[in-house]
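Peer 1: One structure follows; several queries about it will come next.
Every number here is computed from the coordinates shown, using simple stated rules; none is lab data. Quick caveat, the model's predicted, so the values are computed rather than measured. Virtual Cβ from ideal backbone geometry, glycine too; neighbours counted across all protein chains shown.
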Amino acid sequence: MSPPSLPAAGQLLHEARRLATQRLRAAGIATADIDARLLLQQATGLSHATLIAEEHSRGLSPQEAGRFDAMLRRRLRGEPVSRIAGRREFMGRDFII
């Protein structure tokens, strides 16, 4: 069985997130669901609340799909989400990495 496809332009946000989660999980990444959400937020610039509100009606733009794809590939190679996103939260504060 081949792994799920990576994001494509026009793909609805919830579908892109679901496929990314499956791909990360298939690679043995224990935090696949949260990683997919955080990377999708980073790629689209959406807050968590906006992502939830729009995930069934909004598709990925070509630029967002490209960014999300590149981020997922980095995560699949084992790079931490915080390094991919360029920031890390600690004690309620965001720090630039």
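Peer 1: If you work out volume of the Cα convex hull per residue in Å³ from the coordinates, which of [x] 85; [y] 123; [z] 95 do you get?
Peer 2: Comparing each candidate, only [z] matches the computed number.
Peer 1: Now for a separate question. What residues qualify as long-range amide H neighbours of Gln11, i.e. H under 5 Å apart, gap of 5 or more or another chain, H built at 1.01 Å from N?
Peer 2: HN-HN under 5 Å from Gln11: Leu60.
Peer 1: Using label points projected 7 Å from each Cα along Cα→Cβ, tell me how many nm separate Ala53 and His14, to one decimal.
Peer 2: The modelled label-to-label distance comes out at 1.7 nm.
Peer 1: If you don't mind, there's one more thing I want to ask. Using just the helices of the chain, give the 222 nm mean residue ellipticity in deg cm²/dmol: DSSP H runs with n ≥ 4 each add -39,500 (n - 2.57), and the total is spread over all residues, rounded to 500.
Peer 2: Value at 222 nm, helices only, nearest 500: -17000 deg cm²/dmol.
Peer 1: Now for a separate question. May I ask you to order 50-60, 16-26 by the average number of other C-beta atoms within 10 Å around their residues, highest value first?
Peer 2: Per-residue mean Cβ counts within 10 Å order the peptides as 16-26, 50-60.
Peer 1: Moving on. Between Ile96 and Thr31, how many nm apart are label points set 7 Å from Cα along the C-beta direction?
Peer 2: Label-label distance for Ile96 and Thr31, simple model: 2.2 nm.
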